[in-house]
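Enquirer: Next up is a structure, given as structure tokens.
The values are calculated or read from the model by the stated rules, or taken from the named source; none is laboratory data. Keep in mind that this is a model prediction, so the values were computed, not measured. Note that we place each Cβ from the backbone using ideal geometry, even for glycine, and neighbour counts take in every protein chain shown. Quick note on the areas: whole protein, heavy atoms, side chains included, nothing else; ligands and nucleic acids left out. Shrake-Rupley method; radii C 1.70, N 1.55, O 1.52, S 1.80 Å.
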Amino acid sequence: KIDRIDEYNGQLRIIDYKTGNATLQELTPASIDDLFTEKYANKSLQLMTYAYLFSSDYRGKPLVSGIHSFRNSKAGLMSLRLEKNNTIVPAQLQEFELGLKALVKSMFNPEYKWQHNPNAQYCNFCR
């Protein structure tokens, strides 16, 4: 769930608090497509999903989606950076929607064989 939505310096901010570590590299995908294909982009995918879900309430103000990592609190809010910009624009949300629809459609493809990742690491609470 989204941890916080606020307005700061004229920008709407969607903030996810993380007790673990997050890096700027994880929040700087090369493209919208990378959100769906690159393993390093899982946090970026989460932030973009939050922005997409919030976009129906988008009030025409600049929209930023980011992480505040408690392990890296000196970094402050680390924003998702698409196309070297931390402001998410409507065209990016539209492109993301197309990718999201394709992902969901692929999940319902009966020919796709779901496989458990034998190298998956679970937290102690999930075992």
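Enquirer: For Ala102, all conditions in the list (1) out of contact with any Phe, Trp or Tyr (no Cβ under 7 Å at 6 or more places or on another chain); (2) of a type outside the set (Asp, Glu); (3) open to solvent by less than 70 Å² (accessible area, probe 1.4 Å); (4) closer than 20 Å to Arg13 by Cα hold save one; what is the number of the exception?
Expert: Every listed condition holds for Ala102 apart from (4).
Enquirer: A further question follows. So, in region 56-80, exactly how many residues are buried (at least 17 other Cβ atoms within 10 Å of the Cβ) and either modelled with pLDDT under 95 or more than 18 Å from Gly99 (Cβ to Cβ) (or both)?
Expert: Selection size over region 56-80: 8.
Enquirer: I need the full set of residues from region 40-55 which are within 19 Å of Gln25 (Cβ to Cβ) and open to solvent by 70 Å² or more (accessible area, probe 1.4 Å), in order please.
Expert: Tyr40, Asn42
Enquirer: Got a number for residues in region 7-38 being open to solvent by less than 80 Å² (accessible area, probe 1.4 Å) and more than 19 Å from Gln92 (Cα to Cα)?
Expert: Of the residues in region 7-38, 7 are open to solvent by less than 80 Å² (accessible area, probe 1.4 Å) and more than 19 Å from Gln92 (Cα to Cα).
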